[in-house]
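Presented below is the structure to which this report refers.
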Amino acid sequence: ELLPLTTLRNPGGFDGERWNYLQGLGGRLRKTQVFVVNEKGSWRDELALLNLQLRERIMSVTSEEAGALLCGMLLGGSVGLSDEVREVFADNGLAHLLSVSGTHFALLAGFLLLVFRPLPERTRKLCVLLLLCGYALLCGLKPAVLRALCMSVVLLLGGSGAVRGNLLCMTGMMLLCFSPAWLLDVGFQLSFGAVAGLIWLYPKLKAYFCCYFPTLLGEAIAVTTAAQLAVLPFLVGYFHQVPIISLVSNILLVPILELATLLTMLGLLLDLVLPFGLELVGVAEWLVEQVLTQAKF
């Protein structure tokens, strides 16, 4: 039986009808039977199976809470995350890290640029783009992953603020041609708003904060502030709150979470050739547990 989806909505609250529409959900099934009509899976099925196997490897050496968080950040999805963890991350303005996001793509792009540093610049960027595309396919190429990939490409190609702005607008137009309804998606709006802040606000904020703080700290504050200021209208309009602590949390906790994600990725790669590769995943688990403690504080 195909039954309609019913949602309730308070003014200013979660719009379930729009969410279902954006996710392509047209109804719910009851009393179903599943028949296997083709045992040979497509390449998408093979990637989904690989995704599942990697999740199992992570969960085999971590606690349930830390493992679910690492799986979500590295491979997408939010299966196994407790309501407490979601609430703690939301209160600290870190909810965007609970799944694959532009932050992770930017981190991976930076790491790959270092790995391929001996190559010519054009070849290096091409290799990074190809690997980022492969990572996006592994994560299921969901709308959020596709947006993160496109935003990483915009920032990776470089150029001045005007050139990057043109690339950003062109990317937005192409994505909306693919799915116009994404314009109504808060994730789409936040992604483009944050990148716009990094393109136009970050250079001026960097020059300002680096006058009063050490360069590394000044740049970190500038990145966080630029992204937060650009998406401030959306945060107020959709969530009716602005977590001021997020400025501190993003500066202090995000680098640790990104390091944990990178260690997990390296651990899975080393596990293919070395017997102790998953030890790095154990280190990542410890880092995540420390972040959860500090986030609750």
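The values are calculated or read from the model by the stated rules, or taken from the named source; none is laboratory data. In this text the structure is predicted, and so the values were computed from the model without any measurement. Using ideal geometry, Cβ is built from the backbone for each residue, glycine included, and neighbour counts are taken over all protein chains shown. Areas reflect the complete protein model, heavy atoms only, side chains present, ligands, DNA and RNA absent. Shrake-Rupley method; radii C 1.70, N 1.55, O 1.52, S 1.80 Å.
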Only one of (1) open to solvent by less than 40 Å² (accessible area, probe 1.4 Å); (2) more than 18 Å from LEU287 (Cα to Cα); (3) assigned to a helix (DSSP H, G or I) is not met by LYS125, so which one is it? (1)
Scanning the range 71-89 residue by residue, those without any contact (Cβ under 8 Å) to a residue 40 or more places away in the chain and in a helix (DSSP H, G or I) turn out to be CYS71, GLY72, ASP83, GLU84, ARG86, GLU87
May I ask you to list pairs of residues, at least six apart or on different chains, whose Cβ atoms are under 9 Å apart, with the first in the range 198-212 being without any contact (Cβ under 8 Å) to a residue 12 or more places away in the chain and open to solvent by 50 Å² or more (accessible area, probe 1.4 Å) and the second being among the aliphatic types (A, V, I, L, M) and in a helix (DSSP H, G or I)? LYS204/ALA222; LYS204/ALA226; ALA207/ALA222
Out of LEU130, LEU119, sole residue that is of a type in the set (A, V, I, L, M), surrounded by fewer than 15 Cβ atoms within 10 Å (Cβ to Cβ) and part of a loop (DSSP other than H, G, I, E, B): LEU119
Residue set LEU190, LEU198, LEU176, LEU167; condition assigned to a helix (DSSP H, G or I) and more than 25 Å from PHE239 (Cα to Cα); output residue LEU167
Those residues of the range 113-145 which are within 15 Å of LEU262 (Cβ to Cβ) and at pLDDT below 85 amount to LEU113, LEU114, VAL115
Can you go through GLU219, GLU258 and tell me which one is open to solvent by 50 Å² or more (accessible area, probe 1.4 Å) and among the acidic types (Asp, Glu)? GLU219
Within the range 6-43, the count of residues that are without any contact (Cβ under 8 Å) to a residue 12 or more places away in the chain and of a type in the set (Lys, Arg) comes to 2
Over the range 213-241, the set of residues modelled with pLDDT under 85 and more than 19 Å from LEU198 (Cα to Cα) is VAL236, GLY237, TYR238, PHE239, HIS240, GLN241
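Return the only residue of GLY24, GLY13, GLY41 being part of a loop (DSSP other than H, G, I, E, B) and open to solvent by 40 Å² or more (accessible area, probe 1.4 Å).
Within the list GLY24, GLY13, GLY41, the selection yields GLY24.
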For the list (1) open to solvent by 60 Å² or more (accessible area, probe 1.4 Å); (2) within 27 Å of LYS206 (Cα to Cα), I need the number of the one condition that THR293 fails. (2)
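Could you run through the range 10-38 and say how many residues are basic (Lys, Arg), within 23 Å of SER179 (Cβ to Cβ) and out of contact with any strand residue (DSSP E or B) (no Cβ under 7 Å at 6 or more places or on another chain)? Steps first, please.
Keep residues of the range 10-38 that are basic (Lys, Arg), which gives 18, 28, 30-31.
From what's left, within 23 Å of SER179 (Cβ to Cβ): 18, 28.
Okay, now just the ones that are also out of contact with any strand residue (DSSP E or B) (no Cβ under 7 Å at 6 or more places or on another chain), so 18.
Looking only at that region, the number is 1.
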Could you go through the range 238-251 and let me know if any residue there is free of Cβ contacts under 8 Å to residues at least 60 places away in the same chain and either open to solvent by less than 30 Å² (accessible area, probe 1.4 Å) or more than 22 Å from ARG86 (Cα to Cα) (or both). no
Hey, among LEU107, LEU113, LEU137, which residue is of a type outside the set (Ser, Thr, Tyr) and either without any contact (Cβ under 8 Å) to a residue 12 or more places away in the chain or crowded, with 19+ Cβ neighbours inside 10 Å (or both)? LEU107
When the residues of the range 146-167 are narrowed to those that are under 21 Å from PHE111 (Cβ atoms) and among the small types (Gly, Ala, Ser), which ends up modelled with the lowest pLDDT? GLY158
Scan the range 170-189 for residues that are open to solvent by less than 30 Å² (accessible area, probe 1.4 Å), farther than 12 Å from ARG18 by Cα and in contact (Cβ under 8 Å) with a residue 40 or more places away in the chain and report the count. 2
